């Protein structure tokens, strides 16, 4: 057992190839607020991220208590990308609860991003009856949009818990 404990999650970070494009996705498609871009470099940054000589441009996307750190390497630049599938070890995605999944899907499509499918109704578990759909944003960032189940199903799920 560790001597310390996690107090709270502070943010999720993604390395992106184009900070403006990633910021636009989170701002214009998902409705986040984008903070100012900062640049960081020097030995401390290189040691912290494990990439000697690193220079990064960083912007934070926020919505409610959710914060996404968008990191774009100025140096060194990399042409490596991740093409993991949902079934591959190490695959990751972020999920957001939304109040209108159809409206969010329209925003995704209008911005030129693809959806994996139409919304799927959750067949079992605490979110039974809710709707989920996955999309892939810039640089392969996978986002799951979740609409909660109707109130009747939510109350029944709460009573079983």
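What follows is calculated from the coordinates using simple rules that are stated; it is not laboratory data. Remember, predicted model here, so these are calculated numbers, not experimental data. Note: ideal-geometry Cβ built from the backbone for every residue, glycine included; neighbour counts use all protein chains shown.
Quick one: would you say residue 146 is in contact with a strand residue (DSSP E or B) (Cβ under 7 Å, 6 or more places away or on another chain) and farther than 20 Å from residue 15 by Cβ?
When the stated conditions are applied, residue 146 passes them.
Looking across segment 33-89, the residues that are in contact with a strand residue (DSSP E or B) (Cβ under 9 Å, 6 or more places away or on another chain), over 17 Å from residue 143 (Cβ atoms) and in a loop (DSSP other than H, G, I, E, B) come down to 35, 36, 37, 42, 51, 53, 54, 76, 78. For segment 27-37, what are the residues that are in contact (Cβ under 8 Å) with a residue 24 or more places away in the chain and out of contact with any helix residue (DSSP H, G or I) (no Cβ under 9 Å at 6 or more places or on another chain)? Correct list: 27, 35. Go through (1) in a strand (DSSP E or B); (2) under 14 Å from the mean Cα position of the chain (by Cα) one by one and return the number of the condition residue 92 breaks. Among (1) in a strand (DSSP E or B); (2) under 14 Å from the mean Cα position of the chain (by Cα), the lone unmet condition for residue 92 is (1).
Only a single criterion out of (1) part of a loop (DSSP other than H, G, I, E, B); (2) surrounded by 12 or more Cβ atoms within 10 Å (Cβ to Cβ) is not satisfied by residue 135, namely (1). Give me the residue from segment 63-72 that is over 17 Å from residue 144 (Cα atoms) and in contact with a helix residue (DSSP H, G or I) (Cβ under 9 Å, 6 or more places away or on another chain) and, out of that set, surrounded by the most Cβ atoms within 10 Å (Cβ to Cβ). Applying the filter and picking the extreme gives 70. One residue is enough: does segment 93-102 have a residue meeting the conditions touching a helix residue (DSSP H, G or I) at 6+ places or on another chain (Cβ under 9 Å), closer than 21 Å to residue 64 by Cβ and surrounded by 10 or more Cβ atoms within 10 Å (Cβ to Cβ)? Yes, that holds for at least one residue.
For residue 14, indicate whether it is out of contact with any helix residue (DSSP H, G or I) (no Cβ under 8 Å at 6 or more places or on another chain), closer than 30 Å to residue 104 by Cβ and surrounded by 16 or more Cβ atoms within 10 Å (Cβ to Cβ). Judged against the criteria, residue 14 is not a match. Scan segment 1-32 residue by residue and report those that are closer than 12 Å to residue 70 by Cβ, under 14 Å from the mean Cα position of the chain (by Cα) and outside any loop (DSSP other than H, G, I, E, B). Answer for segment 1-32, where residues must be closer than 12 Å to residue 70 by Cβ, under 14 Å from the mean Cα position of the chain (by Cα) and outside any loop (DSSP other than H, G, I, E, B): 12, 13, 14, 15, 22, 23, 24, 25, 26, 27. For segment 32-55, name all the residues that are surrounded by 14 or more Cβ atoms within 10 Å (Cβ to Cβ) and under 16 Å from residue 21 (Cα atoms). Result: 32, 34, 35, 37.
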